[in-house]
Amino acid sequence: MIKTFIFLLLTLKSFVIEAKVFDCQPDEFKNSISHVVNQLIPYDDCKEARDDNGVLIGIRISKLNSTVSIGYGYKKDLSQSDLVTKNKKLTIHQLFDAIYSNTETLTNSYISSQKVKLCDAESYGVVNQKSHTSYFELNSELGAYRNLIYRVPKDSTDQYLVIGSGNKSIITHILFKKGD
Amino acid sequence: MAPLIKYKEVSPQYIKSILASFFNPAYAASIRINDNVVEVVWEMVSKSKECTKALNLVPRPAGFIPGASFVAMQLAKLGQRLLAHQDEDIANTCKSAASSAYSTRIRMASHGL
């Protein structure tokens, strides 16, 4: 009897834990990138995922065969040794600059390995860099996305946004027309 | 933790050891392993030529799409080595495959996206 109860409890708990994906909430994406995308190219589907505490993890927008992923990244997710160079501990923004800028001299083994990887890409480095936002075109064979935007929100010390897609048109619209 | 259905031949523990080595242990602990996570981890690892070479993967003809058993076996091999702390060289070589874009993709996959 007790075993059956525990089994049922665990089964119910697993349902609760797995129910993480929802349709995008209108209130949430009023000022978000998904709203911007929808203004530009009305999408077919928008899903968002939340953690156990209801904190937004990411959004996936789909239009026919194109998808745009918007993920929330955190400094603590990275290996801390990757954020340390010989002379200083890097902020998220400094780390991204060090990896993707051709002129930045800060380096460590992680930064240099990422640079080597980028050197093999069809189009290397930052295509456009505005304050706190960098856009890259990468070879999809070498990265998680073919088109990638890193955005560090103003005043953020540890959070950043990764916006990735295979669709260059959508992603450049986000960056150049409505993305600020 | 969601069960592995397609990739049941690899222990979630091995996937966690790969994540801990490529990112950090706290990040690995926060990820729920499911089939989608395994697929993104495999994509991350297999895109690194140096890593696949270090793992002595069997050369594959162009266009070859590996089956679930193959993927599970290769990731189990890597996870096992990293867990046993036997191959720091492999960890360092394969780490070049990791990136902040993959850490967010894996987190999203972990939550069902």
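The values are calculated or read from the model by the stated rules, or taken from the named source; none is laboratory data. Just so it is clear, the model here is predicted, and its values are computed rather than measured. Here the Cβ positions follow ideal geometry from the backbone for every residue, glycine too, while neighbour counts run over all protein chains shown. In case anyone asks, the SASA skips ligands and DNA or RNA and just uses the protein heavy atoms, side chains included. Shrake-Rupley method; radii C 1.70, N 1.55, O 1.52, S 1.80 Å.
Tabulated values for the structure
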{"quantity": "Accessible-area composition of segment B:12-110, carbon plus sulfur, in percent [1.4 Å probe]", "calculated": "55 percent"}
{"quantity": "Nearest-10 value in Å² for the accessible area of A:I59, using the 1.4 Å probe", "calculated": "10 Å²"}
{"quantity": "Restraint check, A:K86/B:K47; A:K86/A:K168; A:K117/B:K16; A:K117/A:K154; A:K75/A:K117; A:K117/A:K168, Cα-Cα greater than 32 Å", "calculated": "A:K86/A:K168"}
{"quantity": "Inter-probe distance in nm under a simple model that places probes 7 Å from Cα toward Cβ, at B:S30 and A:T105", "calculated": "3.4 nm"}
{"quantity": "Drop in accessible area of at least 30 Å² in the complex versus isolated chain, residues of segment B:84-113, 1.4 Å probe", "calculated": "B:K95, B:S96, B:S99, B:S100, B:A101, B:T104, B:R105, B:R107, B:M108, B:H111, B:L113"}
{"quantity": "Solvent-accessible heavy-atom area per residue, rounded to whole Å², over chain B at 1.4 Å", "calculated": "44 Å²"}
{"quantity": "Nearest-0.05 FRET efficiency for A:K89 and B:F70, computed from C-beta distance (R0 45 Å)", "calculated": "0.65"}
{"quantity": "Stretch gain in nm, segment A:Q25-A:S81, where the contour uses 0.36 nm per residue and the Cα spacing is subtracted", "calculated": "16.5 nm"}
{"quantity": "Protein accessible surface hidden between A and B, which excludes ligands and nucleic acids, total in Å², probe 1.4 Å", "calculated": "2400 Å²"}
{"quantity": "Between segment B:1-57 and segment A:36-96, the alpha-carbon center distance in angstrom", "calculated": "19 Å"}
